[in-house]
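Presented below is the structure to which this report refers.
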Amino acid sequence: MAIGQRKSISTDRKKNLIAHYSPESLVSNQFRSIRTNINFLTTIQSMSTLLITSPNDGEGKSTTAANLAISMSQQKTILLIDANLRKPTVHLSFKIPNTIGLTSVLANLESLDNAIHKSEIPQLDLLPSGPVSPFPSELLASKRLENLLEIISKSYDYVLIDSPSILGAVDTKVLANRCDGVILVANSGKTGLKQTLEAKKVLDFANSNIVGVILNER
């Protein structure tokens, strides 16, 4: 039973991080195309912090963020931040500890250097969510986060932020306003047009810069 469980976890990890484990696959090639589009956009307007969100939960947002980070790290230095303080997944996908992370830094309990993890993938660092906070919205709305993003953006070519869904948490509105650009992930079989338009409306109200939409067929 234990052997079977380990095999299942390994298979899930390969599926979630397909850009790393199957670099020649069609999906990995699609992520490289998205990477190219982002690089092109940054030649037009300066962008170093990108928020990855979706209208609702369960649309493949976190998997998209992880694989996009992997693909972009093949050319640039990347930090992937798990800002989904309610349902974090980055530490699960990359198999790293989550005892110290973003919440620890924002609460001034740990230094940023102690919270960042080197991944097994060259040029890709990870900042997990950290311990669950009873006040996630307050932490993400703090001036300390704004200062943190400013500091981090000087050390990496790109900072990708995996956030909660835009229609599911107020946290994302705050994050969207503080990032240079927002990428919206929609699921072709799940996300309705009404939900997508509502998500865009919320992002526009937050005065965010929507740079693109990724249609996920997960």
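Values in this text are rule-based calculations from the coordinates and carry no lab data. Since this is a predicted model, take the numbers as computed values, not measurements. Using ideal geometry, Cβ is built from the backbone for each residue, glycine included, and neighbour counts are taken over all protein chains shown.
Numerical summary
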quantity	calculated
Inter-centroid distance (Cα atoms) of the stretch 28-78 relative to the stretch 157-218, Å	13
Summed side-chain charge close to Pro55 - residues other than Pro55 whose Cβ falls under 11 Å, Lys, Arg +1, Asp, Glu -1	+2
Estimated distance in nm for a label pair at Ser142 and Leu215, the labels positioned 7 Å out from Cα along Cα-to-Cβ	4.1
HN-Hα J in Hz across the stretch 145-162 - Karplus 6.51, -1.76, 1.60, θ = phi - 60°, x for Gly and Pro	5, 4, 5, 5, 5, 5, 5, 5, 5, 7, 9, 10, 5, 9, 10, 9, 10, 8
Which of Ile18, Ile183 has the fewest Cβ neighbours within 10 Å, and the rest in rising order	Ile18, Ile183
Net length gained if the chain between Ser188 and Val27 were fully extended (0.36 nm per residue, minus Cα distance)	56.4 nm
In Hz, Karplus ³J(HN,Hα) per residue of the stretch 113-126 (6.51, -1.76, 1.60; θ = phi - 60°; x = Gly, Pro)	4, 6, 8, 7, 10, 7, 8, 6, 9, x, 6, 10, 9, 10
Cβ-Cβ FRET estimate between Asp113 and Asn39, R0 fixed at 30 Å, reported to 0.05	0.60
Distance violations [Cα-Cα > 26 Å] among Lys15/Lys190; Lys15/Lys194; Lys118/Lys201; Lys95/Lys194; Lys61/Lys201	Lys15/Lys194; Lys118/Lys201; Lys95/Lys194
Computed over the chain: relative contact order in percent, which uses C-alpha pairs under 8 Å that are six or more apart	27
Estimated 222 nm signal from helices in the chain, with DSSP H stretches of n ≥ 4 weighted -39500 (n - 2.57), rounded to 500	-13000 deg cm²/dmol
